[in-house]
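Structure record follows, encoded as structure tokens.
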């Protein structure tokens, strides 16, 4: 049953325009059900966002794949993710990059993601419970930066932590409207923007959230 669901899962990704073999392999090898709880585990391989703790969601797999493909992660890269959530996107990135740092403002989610990633033996991911809007200056610069929360504009603090030649992918737009998924390439002299498609993400918020029971 799972193998058939996985076949349909990969087919849905290909149908969504995912052609990068490394991304497809990472998605296929990462058990999405490990990042879900209760009745939602049975829906893990549907191409749909699903609820997780702290009022958040695990993103639609095709969107995760599109963002990952746009990021063009290589095996020697150091990646910063803002918005760990369940840890699913970080797990995908961990199979592609040398090192992944991921930041989450909800402490219970950070703890859960740390446990799941450890259980999956993905040891090249560091989960940090903190305000991701400021990035991680002590580990900068990064080859790639990914945001899984929508900003009104690309945060200058994060762009400053991106290497020349680096790529940032993020949703941009007002929180109550459809946002645009944007890819930014940082060159010596400028930032080159390209618009990928329309998406909907939670807004990028300041500070660390009140610690609640997950």
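Odds and ends about this structure:
- Qualifying residue in the stretch 10-25 (condition: farther than 30 Å from residue 156 by Cα, over 13 Å from the mean Cα position of the chain (by Cα) and surrounded by 20 or more Cβ atoms within 10 Å (Cβ to Cβ)): yes
- For the stretch 78-104, the set of residues classified as in contact with a helix residue (DSSP H, G or I) (Cβ under 8 Å, 6 or more places away or on another chain), part of a loop (DSSP other than H, G, I, E, B) and surrounded by fewer than 23 Cβ atoms within 10 Å (Cβ to Cβ) consists of 95, 96, listed by residue number.
- When the stretch 158-181 is filtered for residues that are without any contact (Cβ under 8 Å) to a residue 60 or more places away in the chain, part of a loop (DSSP other than H, G, I, E, B) and over 16 Å from residue 205 (Cβ atoms), the ones remaining, listed by number, are 160, 177, 178.
- Any hit, the stretch 46-64, residues being under 18 Å from residue 158 (Cα atoms) and at pLDDT 95 or above: no
- Within the stretch 136-157, considering residues that are modelled with pLDDT of 95 or more and in a loop (DSSP other than H, G, I, E, B), the one surrounded by the fewest Cβ atoms within 10 Å (Cβ to Cβ): 141
- Residues located in the stretch 19-38, provided they are part of a helix (DSSP H, G or I) and in contact (Cβ under 8 Å) with a residue 60 or more places away in the chain: 22, 23, 25, 26, 27, 29, 34, 35
- Residues being closer than 21 Å to residue 28 by Cβ and touching a strand residue (DSSP E or B) at 6+ places or on another chain (Cβ under 6 Å) - total across the stretch 103-117: 2
- Taken over the stretch 48-73, residues that are more than 16 Å from the chain's Cα centre (by Cα) and not in a helix (DSSP H, G or I) amount to 0.
Residue-wise test of (1) over 19 Å from residue 55 (Cβ atoms); (2) out of contact with any strand residue (DSSP E or B) (no Cβ under 7 Å at 6 or more places or on another chain).
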{"residue": "119", "(1), (2)": "yes, yes"}
{"residue": "126", "(1), (2)": "yes, no"}
{"residue": "141", "(1), (2)": "yes, no"}
{"residue": "168", "(1), (2)": "yes, no"}
{"residue": "171", "(1), (2)": "no, no"}
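- Condition met for residue 178 (under 16 Å from the mean Cα position of the chain (by Cα) and either modelled with pLDDT under 95 or under 19 Å from residue 102 (Cβ atoms) (or both)): no
- Subset of the stretch 111-135 (residues that are over 25 Å from residue 193 (Cβ atoms) and in a helix (DSSP H, G or I)): 111, 112, 113, 114, 115, 116, 117, 118, 119
The values are calculated or read from the model by the stated rules, or taken from the named source; none is laboratory data. Source: prediction; values computed, not measured. With ideal geometry, Cβ positions are generated from the backbone for all residues, glycine too; neighbour counts draw on all protein chains shown.
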